[in-house]
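Enquirer: Structure incoming, see below.
Nothing in this text is a laboratory measurement; each read-out follows from the coordinates by a stated rule. Since we're looking at a predicted model, the values are computed, not measured. Don't worry about glycine lacking a Cβ; one is built from the backbone with ideal geometry, like all the others, and counts go over all protein chains shown.
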Amino acid sequence: YAILSKTGISTVPDSKITGDIAVSPIARGAMTGFSFTMGGATGELSESVQVTGTSYAANSIQTGVPADLTTAVSDMQTAYTDAAGRANSDGARINLGAGLLGGDFGGSTAPLTPGVYTFGTDVSINGDIVFDGGANDVFIIQMTGSLHQFANVSTRNGAKAENIFWQVAGHVDVACGKHMEGILLVKTHATFKTKSTLNGRVLS
């Protein structure tokens, strides 16, 4: 799923989402702002001009969908726990830049190379940051707080968004017009403001 949520998905008319979206264990009413076209009775699969894909909900009457969503939510929670539990023995990657990334306000300016990064605080991206690695390299960013993004995130040398995991115990806020890369595993909620973009997924 491009977006999978246990509590709801809200959007505005001009948003664009590429991929399937889903809510579970809650009903379709937890998706708002999408102008859905229903395929029949309430709870069936539906489409929206804002979504290049299909929307799913726990009250779908389509055979197998509720069970598939239960499995997806379980997998999401397993992924969050796994990411949070990855060990980090590199002191240089613990509380890098005191939680400030991107150079502004004294934050770290170095490209992020493969491995685990651990933060016992909120993380603020105050200047552009880049993930530098090959196509098979994995990046895990753990934080006990929230993620505040005020600048752009990019990749280079073949690093892929599908291998970047943001494990966020709080919430995620992406500022207007900023771009994010990676899979957001978020315990509470994620907010993307006007003209912000994501190459990745939101699982919350």
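Enquirer: Per q in 0.13, 0.23, 0.26 1/Å, what log10 I(q)/I(0) does a Debye calculation on the alpha-carbon atoms of the stretch 1-85 return?
Expert: -0.39, -1.10, -1.33
Enquirer: Output the relative contact order of the chain, whole-number percent, from Cα pairs under 8 angstrom with separation of 6+ residues. Write down the numbers at each step before the final one.
Expert: Details: 532 pairs, mean separation 28.3, N = 204.
Once normalised by length, the contact order is 14 percent.
Enquirer: For the chain, how many pairs of lysine residues have a Cα-Cα distance under 13 Å, where the two are 8 or more positions apart or belong to different chains? Show your work: numbers first, answer last.
Expert: Values: 6/187; 16/193; 16/195; 178/193; 178/195.
Counting lysine pairs in the chain gives 5.
Enquirer: How do 80, 56 rank when sorted from fewest to most other Cβ atoms within 10 Å of their own Cβ? Walk me through the numbers before you get to the answer.
Expert: Working: 80 19, 56 24.
Least crowded to most crowded, the residues run 80, 56.
Enquirer: If you place +1 on the Cβ of every Lys and Arg and -1 on the Cβ of every Asp and Glu, how big does the dipole about the Cα centre of the stretch 62-173 come out, in debye to the nearest 20?
Expert: 160
Enquirer: For residue 144 and residue 176 in the same chain, what is the full-extension length gain: residue separation times 0.36 nm, less their Cα-Cα distance, in nm?
Expert: Result: 9.1 nm gained on full extension.
Enquirer: Can you give me the three principal axis dimensions of the chain from its C-alpha atoms, in Å, biggest first?
Expert: Between the extreme Cα coordinates on each principal axis of the chain lie 55, 33, 29 Å.
Enquirer: R0 = 22 Å: FRET efficiency of residue 195 with residue 7, Cβ-based, nearest 0.05?
Expert: After rounding, the FRET efficiency stands at 0.35.
Enquirer: Something else about it: With +1 on the Cβ of every Lys and Arg and -1 on the Cβ of every Asp and Glu, and nothing else charged, how large is the dipole of the chain about its Cα centre, in debye rounded to the nearest 20?
Expert: Its charge dipole is roughly 200 debye.
Enquirer: Give me the angle, in degrees from 0 to 90, between the Cα long axis of helix 65-85 and the longest principal axis of the Cα atoms of the chain, rounded to the nearest 10.
Expert: Computed tilt is about 10 degrees.
Enquirer: Would you mind giving the average projected area, over all directions, of the Cα convex hull of the stretch 89-204 in nm² with one decimal?
Expert: Its average projected convex-hull area is 6.2 nm².
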